[in-house]
Amino acid sequence: MNIIEVKNLTKYYGKYKGIEKVSFDVKEGEIFGFIGPNGAGKSTTIRTLLNLIHPTNGTAKIFDKDTTKEYYEILKDVGYVPGEVYYYDDMRVIDLLNYSSSFYKKDCRKKIKELAKLFDLNLKQKIETLSYGNKKKVGIIQALIHSPKLLILDEPTSGLDPLIQQKFYDLLKEENRKGVTIFFSSHVLSEVQKICDRVAIIKDGRIIKIEEMSSITNNNYKKIRIDTNTKLNKKDFNIKGINNLIINNNEISFIYKGDINIIINKIKDIKLNNLSITDPDLEEIFMHYYSKDK
């Protein structure tokens with residue numbers, strides 16, 4: 001069963017494109033990554049999906065319900081963390097969270113206390129006294145207090161210190177084990193690599209790739225670094241499958257997808273000082289998708 005279904009979702013601001021013909025689905029129980037640099041269209045997609053802004057074209061469904069027609073029914077079971085969080089400065093944290101929980105007609109007091117303890121958040125502080133990171137904690141807790149079936153997270157870890165980030169990842173994995181579906185948008189590719197099952201890559205408002213995380217990071221891709229006293233130039237490595245080619249003095253490095261024997265045959269006559277063949281991280285693979293050659 002698909003929890004989210006998006007088909008040809010398009011949003012224009014006048015003549016300026018936000019997103020165009022974005023299509024993907026998110027299966028029940030998966031952690032789905034949505035990655036791209038700032039300005040690629042991640043937040044526009046999410047805001048359109050949540051009916052915070054209206055699409056120019058295309059459709060979106062959550063829980064098999066139309067997001068523009070059954071918006072209020074959908075939101076009962078959705079937790080959302082926006083990229084930027086803004087609250088009433090004069091309110092205390094606990095008052096804000098109690099106010100938020102009142103919309104769900106649930107007793108959320110126990111969950112609020114548990115999450116505040118986990119994230120080391122003082123519930124009695126006023127919003128105006130909080131750092132950006134602590135305000136982000138409030139947003140995360142607010143999204144989780146009603147035990148939603150779907151979490152939609154837009155750059156959720158920005159402003160969090162590394163220790164709190166790790167607690168947050170562990171919490172997401174625990175929620176996912178309980179059956180919560182998670183849509184995780186980020187430009188920090190290493191965190192998507194840690195927790196996601198599948199990933200969609202967005203560029204200039206369009207989806208350019210949807211793939212299993214395992215297939216992105218498996219042995220199809222290799223990072224190759226060659227150290228030699230032989231003079232090399234880029235035309236020597238004009239080989240299909242090579243991306244992110246960098247030559248620095250006597251060292252050449254690149255990402256390669258293909259038959260490794262082709263590369264071995266290419267370098268067999270080169271006198272090597274050193275040769276390194278490793279698995280690239282997601283950051284490097286991502287640059288492959290975004291390279292001009294691609």
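Below are the figures for this structure:
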| quantity | calculated |
| --- | --- |
| Residue under evaluation Ile164, criteria (1) under 23 Å from Leu130 (Cβ atoms); (2) surrounded by fewer than 16 Cβ atoms within 10 Å (Cβ to Cβ), criterion not met | (2) |
| Among (1) over 26 Å from Lys268 (Cβ atoms); (2) modelled with pLDDT of 90 or more, the one test that Lys209 misses | (2) |
| Top-ranked residue of segment 205-238 - restricted to ones that are without any contact (Cβ under 8 Å) to a residue 40 or more places away in the chain and more than 31 Å from the chain's Cα centre (by Cα), ranked as surrounded by the most Cβ atoms within 10 Å (Cβ to Cβ) | Phe237 |
| In segment 172-200, residue surrounded by the fewest Cβ atoms within 10 Å (Cβ to Cβ) [restricted to those that are at pLDDT 90 or above and aliphatic (A, V, I, L, M)] | Ile195 |
| Qualifying strands (runs of 3 or more DSSP E) (wholly inside segment 144-248; at least 3 residues being among the β-branched types (Val, Ile, Thr)) | 198-203, 206-212, 221-228, 242-248 |
| Any chance Ile112 is crowded, with 18+ Cβ neighbours inside 10 Å and either under 30 Å from Glu5 (Cβ atoms) or touching a residue at least 60 places away in the same chain (Cβ under 8 Å) (or both) | no |
| Among residues of segment 82-98, those that are crowded, with 17+ Cβ neighbours inside 10 Å, assigned to a loop (DSSP other than H, G, I, E, B) and among the aliphatic types (A, V, I, L, M), counted | 1 |
| Complete set of residues in segment 55-72 that are touching a residue at least 40 places away in the same chain (Cβ under 8 Å) and more than 22 Å from Gly29 (Cβ to Cβ) | Pro55, Thr56, Asn57, Gly58, Thr59 |
| Residue within segment 41-48 that is free of Cβ contacts under 8 Å to residues at least 60 places away in the same chain and basic (Lys, Arg) present | yes |
| Residue identified as out of contact with any Lys or Arg (no Cβ under 9 Å at 6 or more places or on another chain), outside any loop (DSSP other than H, G, I, E, B) and of a type in the set (A, V, I, L, M) among Ile19, Ile46 | Ile46 |
| Evaluation of Ile112 against (1) among the hydrophobic types (A, V, I, L, M, F, W, C); (2) more than 26 Å from the chain's Cα centre (by Cα); (3) modelled with pLDDT of 95 or more (one fails), failing number | (2) |
| Filtered residues of segment 99-109 (kept if of a type outside the set (S, T, N, Q), surrounded by fewer than 15 Cβ atoms within 10 Å (Cβ to Cβ) and on the phi < 0 side of the Ramachandran plot) | Tyr99, Phe103, Lys106, Asp107, Arg109 |
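The values are calculated or read from the model by the stated rules, or taken from the named source; none is laboratory data. Keep in mind that what you see is a predicted model, and the values were worked out from it rather than measured. Heads up, the Cβs are rebuilt from the backbone with ideal geometry, glycines too, and the neighbour counts pull from every protein chain shown.
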